[in-house]
1. In segment 30-40, is there at least one residue being without any contact (Cβ under 8 Å) to a residue 40 or more places away in the chain, farther than 28 Å from residue 102 by Cα and surrounded by 11 or more Cβ atoms within 10 Å (Cβ to Cβ)?
2. Quick one: is residue 104 surrounded by 13 or more Cβ atoms within 10 Å (Cβ to Cβ) and either at pLDDT 95 or above or closer than 15 Å to residue 24 by Cβ (or both)?
3. Does at least one position in segment 76-84 carry a residue that is surrounded by 11 or more Cβ atoms within 10 Å (Cβ to Cβ), within 22 Å of residue 19 (Cβ to Cβ) and in contact with a strand residue (DSSP E or B) (Cβ under 6 Å, 6 or more places away or on another chain)?
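The values are calculated or read from the model by the stated rules, or taken from the named source; none is laboratory data. Every value quoted in this text rests on a predicted model; they were computed, and no experiment measured them. Positions of Cβ are backbone-derived with ideal geometry, glycine not excepted, and every protein chain shown enters the neighbour counts.
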């Protein structure tokens, strides 16, 4: 069963992504150290290159941010969804355990969230 896609709000395939968004990559590596500064390294598990994405929305009308926040609330931090990060060739599967809303003004808000890549089937 395919997971739902993060809302784009009609703003392209990656949604309303703003400056301040970023991708973090931290390879999972197992290291065995031996004498004489010799070591062997290998990837840990079948998905050793997880990507996390710090998402920052563009400044949007409050209704648009509420749509994004409702989507994340429905996913409740543990249900995966798909998202196409800028510059990536294909959508990836993520979960989002935390997000925040910045009330830029009474009518315009931004949303910041941390998407953690998820490899569950």
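1. yes
2. no
3. Scanning segment 76-84, I find at least one residue that is surrounded by 11 or more Cβ atoms within 10 Å (Cβ to Cβ), within 22 Å of residue 19 (Cβ to Cβ) and in contact with a strand residue (DSSP E or B) (Cβ under 6 Å, 6 or more places away or on another chain), so the answer is yes.
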